[in-house]
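Quick notes on the structure that follows.
The values are calculated or read from the model by the stated rules, or taken from the named source; none is laboratory data. Please read all numbers here as calculations on a predicted model, not as lab measurements. In this analysis, Cβ positions are derived from the backbone assuming ideal geometry, glycine residues included, and neighbour counts consider all displayed protein chains. Surface areas here come from the heavy atoms of the whole protein model, side chains and all, with no ligands, DNA or RNA. Shrake-Rupley method; radii C 1.70, N 1.55, O 1.52, S 1.80 Å.
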Amino acid sequence: QVQLVESGGGLVQAGGSLRLSCAVSGGTFRSYAMGWFRQAPGKEREFVATISKSGFTTYYTDSVKGRFTISRDNAKNTMYLQMNGLKPEDTAVYYCAANPKGTSYYQREYNYWGQGTQVTVSS
């Protein structure tokens, strides 16, 4: 069974940075496109970024373009989300997810999910 474990969340001031990690076990990591999603209090979970199986293709939601960078290390079975210039509106639980088909904005296409890590940005 594929398992995903996020880490790296925490409390940071506006303008600061955090790096989230998603460690994957129980499957062939390079067989999955990966994605980051987030859910703010009282809101629906939303797409943040996705990366192809090779790592060569990435997509971002408009609100994080230029501030967040998604990457992966297939040798370490780990995906990352470097978050710079954090804003209070980035406060959310961040989830990583695995998609055997390819990059996608749609949550329904991701088969496996982590438990989430809290990111809180203070103003």
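Out of the residues in the range 17-41 that are of a type in the set (F, W, Y) and part of a strand (DSSP E or B), which is nearest to the chain's Cα centre (by Cα)? Reasoning before the result, please.
Looking only at the range 17-41, we keep the residues that are of a type in the set (F, W, Y), and these are 29, 32, 36-37.
Next cut, part of a strand (DSSP E or B) only: 36-37.
Numbers: W36: 2, F37: 6 Å.
Per the criteria, the residue is W36.
Being aliphatic (A, V, I, L, M) and open to solvent by 30 Å² or more (accessible area, probe 1.4 Å) is the filter here, so list the residues in the range 7-17 that pass it. Step through it out loud before you land on a result.
Kept after step one, since they are aliphatic (A, V, I, L, M), are these residues of the range 7-17: 11-12, 14.
Result: L11, A14.
Taking the range 77-103 as the region of interest, how many residues are open to solvent by 10 Å² or more (accessible area, probe 1.4 Å) and either under 21 Å from L4 (Cβ atoms) or not basic (K, R) (or both)? It would help to see each step written out before you state the result.
Of the range 77-103, the ones open to solvent by 10 Å² or more (accessible area, probe 1.4 Å) are 77-78, 80, 82, 84-85, 87-89, 91, 93, 95, 100-103.
Okay, now just the ones that are also either under 21 Å from L4 (Cβ atoms) or not basic (K, R) (or both), so 77-78, 80, 82, 84-85, 88-89, 91, 93, 95, 100-103.
The number of residues fulfilling the criteria is 15.
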message: I'd like to verify a number: residues in the range 42-68 that are part of a strand (DSSP E or B) and either open to solvent by 30 Å² or more (accessible area, probe 1.4 Å) or within 22 Å of T120 (Cβ to Cβ) (or both), how many?
response: 8
